[in-house]
1. Somewhere in segment 380-389, is a residue surrounded by fewer than 16 Cβ atoms within 10 Å (Cβ to Cβ) and outside any strand (DSSP E or B)?
2. Collect the residues in segment 157-184 that are under 20 Å from the mean Cα position of the chain (by Cα) and within 10 Å of residue 435 (Cα to Cα), keeping them in residue-number order.
3. Going residue by residue through segment 164-175, is there one that turns out to be buried (at least 22 other Cβ atoms within 10 Å of the Cβ), closer than 18 Å to residue 483 by Cα and either at pLDDT 95 or above or not assigned by TED's automatic domain parsing to the domain that holds residue 31 (or both)?
4. Which ones in segment 72-95 are closer than 23 Å to residue 313 by Cβ and in a helix (DSSP H, G or I)?
5. So which residues in segment 114-139 are assigned to a loop (DSSP other than H, G, I, E, B) and within 18 Å of residue 62 (Cβ to Cβ), if there are any at all?
6. What number of residues within segment 377-404 satisfy the criterion of being touching a strand residue (DSSP E or B) at 6+ places or on another chain (Cβ under 7 Å) and over 12 Å from residue 507 (Cα atoms)?
7. Buried (at least 21 other Cβ atoms within 10 Å of the Cβ) and within 23 Å of residue 472 (Cβ to Cβ): does that describe residue 237?
8. Please verify whether segment 409-422 includes one or more residues that are crowded, with 17+ Cβ neighbours inside 10 Å, modelled with pLDDT of 95 or more and in a loop (DSSP other than H, G, I, E, B).
């Protein structure tokens, strides 16, 4: 056997016999040697986000934890090689329900659904169970479930596609950045930052530096990467609740990971500006001050060539900014005290204080220094929404819905009814009701998840113990309550409604949870 043959395995990839590197994961082999960029890397080698799912002999498999030696002689199918008719049905259904937003997780989910179709027409329980292997941070899962139930039933008629221009306008309004809405987003043909070709890859290491290599797998090997773990450390609320006479509501929260799926990445040529870290979504503001761009620019200058800087999932968690913990005590009229946690490496939080003070003048807002990971000023929307939610609960009247109205005129009204979450929104001209509904459902899921289960375990020295996708506490598709959305018709100027939805849902869920004095409500918090 020749040396080349000894170092490769032969597989059937999308209908063709190809030789791929033996000493590689299936994910690395497909992306680096097979040219299959629809297969995304969100957490390798954790195997917990589902972005890299492909079909092996027709069965869905997470490719980042699959050694090539285990698939020798087998048939590998990515979205570049699946049945075009079924793929088209899924693309049309995803478009018609707004089941793809940023699109980073979508190719893996579509691959999973194609594998599920082999078992016949699934019901909703089967679809939600299949999605347990995946994380979608944008859509709240429900539009994906709806799309799957339509696409995988050959007798079901598919709705017409969205207007892509109007859909993109609404998506950009809600996400805060320009966003592409197209077939390519669903199929994985849209190229994210980490899909760019570069002569040198810089891979983030746990000492805050980078390891270099010609490929991502080579740079990772050079880094001697240590895989993140799920911790058993208890959650801790870093701020005590303020003492306030006549307090009607009291709350303290933990550090929360934004958990966007596209890892921080940036490309730079010597002497050029780096690409921004976000590709097709705003990452909830978390990437606006990511250092990965400056790192790519510096390394390109040092190395004299184009450099793609990439953070693995563990480094996204270590280096990325968290949603700042808060504590508060409010009276029934909404007045009271709010504390915001500031850590040694955090952003300047004065903008959050100023915004809150202007928005709710009868609040006393102070920043408290504590130990923990970096918190971000660009997460001010989450902090403001938390305060608005608590204020909504403090002022709530029995039997009425929970309503939050922003100074832009955007408004959300929420009721919990028989285990379901019912939302009515006013967002001006909807532009594209399908897209608006998808973003509303995504905000509902995040709000429900943050109140009930999300949090990061932090050590006494401020180090993060929870470094894996599944340790963040994000509610799964099967755990997500049914969500209904009513959009009030309007011809007024379109406005973003996400923060109003986020706040009103947090208020309704927290009230329904019995107003436990800590978030997350369903986990022990010290």
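1. Within segment 380-389 (the criterion being surrounded by fewer than 16 Cβ atoms within 10 Å (Cβ to Cβ) and outside any strand (DSSP E or B)), the answer is no, since none of the residues qualifies.
2. 167, 168, 170, 171, 174, 181
3. No - not one qualifying residue is present in segment 164-175.
4. The answer is none; no residue qualifies.
5. Hits for segment 114-139 are 118, 134, 135, 136, 137.
6. So the count comes out to 3.
7. When the stated conditions are applied, residue 237 passes them.
8. Yes; the residues of segment 409-422 include at least one that is crowded, with 17+ Cβ neighbours inside 10 Å, modelled with pLDDT of 95 or more and in a loop (DSSP other than H, G, I, E, B).
The values are calculated or read from the model by the stated rules, or taken from the named source; none is laboratory data. Nothing here was measured: the structure is a model prediction, and the numbers come from that model. Because the Cβ atoms are built from the backbone with ideal geometry, glycine has one as well, and the counts that use them run over all protein chains shown.
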